[in-house]
Ligand SMILES: [Zn+2]
């Protein structure tokens, strides 16, 4: 199996395990179809792209982290990228608490937050049952 498809399998598994929510910010993410997610959440496509599900290595590859289930969580692009802007990148638990602090004061996903919350509270009719 090639590396990319193994990783995407692990990512999908983590996505399901986390009920489609980002490991760090707890916001819903999408896999495969940004248009549907944008419509559901009432976001522009550009905004929706920030919530694409990515595979996040808890222990970074460069530190010897492997592509194994225990080391992969699902995180939105936004959280994933921001973690690696920080030098050195904080460990996952610390980064999660940084994200949560920013969320509490409204400086993380601020513009789109309310729309997403609405989408969670009022799921798209006709997609289940
Ligand atoms: Zn996130």
Only one of (1) closer than 17 Å to residue 109 by Cα; (2) surrounded by 15 or more Cβ atoms within 10 Å (Cβ to Cβ); (3) in contact with a helix residue (DSSP H, G or I) (Cβ under 6 Å, 6 or more places away or on another chain); (4) without any contact (Cβ under 8 Å) to a residue 60 or more places away in the chain is not met by residue 47, so which one is it? (4)
Residues being surrounded by fewer than 20 Cβ atoms within 10 Å (Cβ to Cβ) and touching a helix residue (DSSP H, G or I) at 6+ places or on another chain (Cβ under 7 Å): count how many of those fall in segment 11-23. 1
Can you tell which of 3, 101 is over 16 Å from residue 116 (Cα atoms), within 14 Å of the ligand (Cβ to nearest atom), at pLDDT below 95 and exposed (fewer than 12 other Cβ atoms within 10 Å of the Cβ)? 101
Does residue 16 fit the bill of being in contact (Cβ under 8 Å) with a residue 40 or more places away in the chain and more than 12 Å from the ligand (Cβ to nearest atom)? no
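Inspect all residues belonging to segment 58-71 and state whether any of them is under 10 Å from the mean Cα position of the chain (by Cα) and within 16 Å of the ligand (Cβ to nearest atom). Before the answer, list the steps.
As a first pass, look at segment 58-71 and keep what is under 10 Å from the mean Cα position of the chain (by Cα): none.
No, because not a single residue in segment 58-71 is under 10 Å from the mean Cα position of the chain (by Cα) and within 16 Å of the ligand (Cβ to nearest atom).
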Restricting segment 68-91 to residues that are farther than 22 Å from residue 9 by Cα and touching a helix residue (DSSP H, G or I) at 6+ places or on another chain (Cβ under 6 Å), the one surrounded by the fewest Cβ atoms within 10 Å (Cβ to Cβ) turns out to be 89
Which of (1) over 19 Å from residue 109 (Cα atoms); (2) surrounded by fewer than 18 Cβ atoms within 10 Å (Cβ to Cβ); (3) within 16 Å of the ligand (Cβ to nearest atom) does residue 26 not meet, given it meets every other one? (1)
For residues in segment 35-55 being at pLDDT below 95 and within 16 Å of the ligand (Cβ to nearest atom), which is nearest to residue 12 (Cα to Cα)? 51
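The values are calculated or read from the model by the stated rules, or taken from the named source; none is laboratory data. Keep in mind that what you see is a predicted model, and the values were worked out from it rather than measured. Cβ: placed from backbone, ideal geometry, glycine included. Neighbour counts: every protein chain shown.
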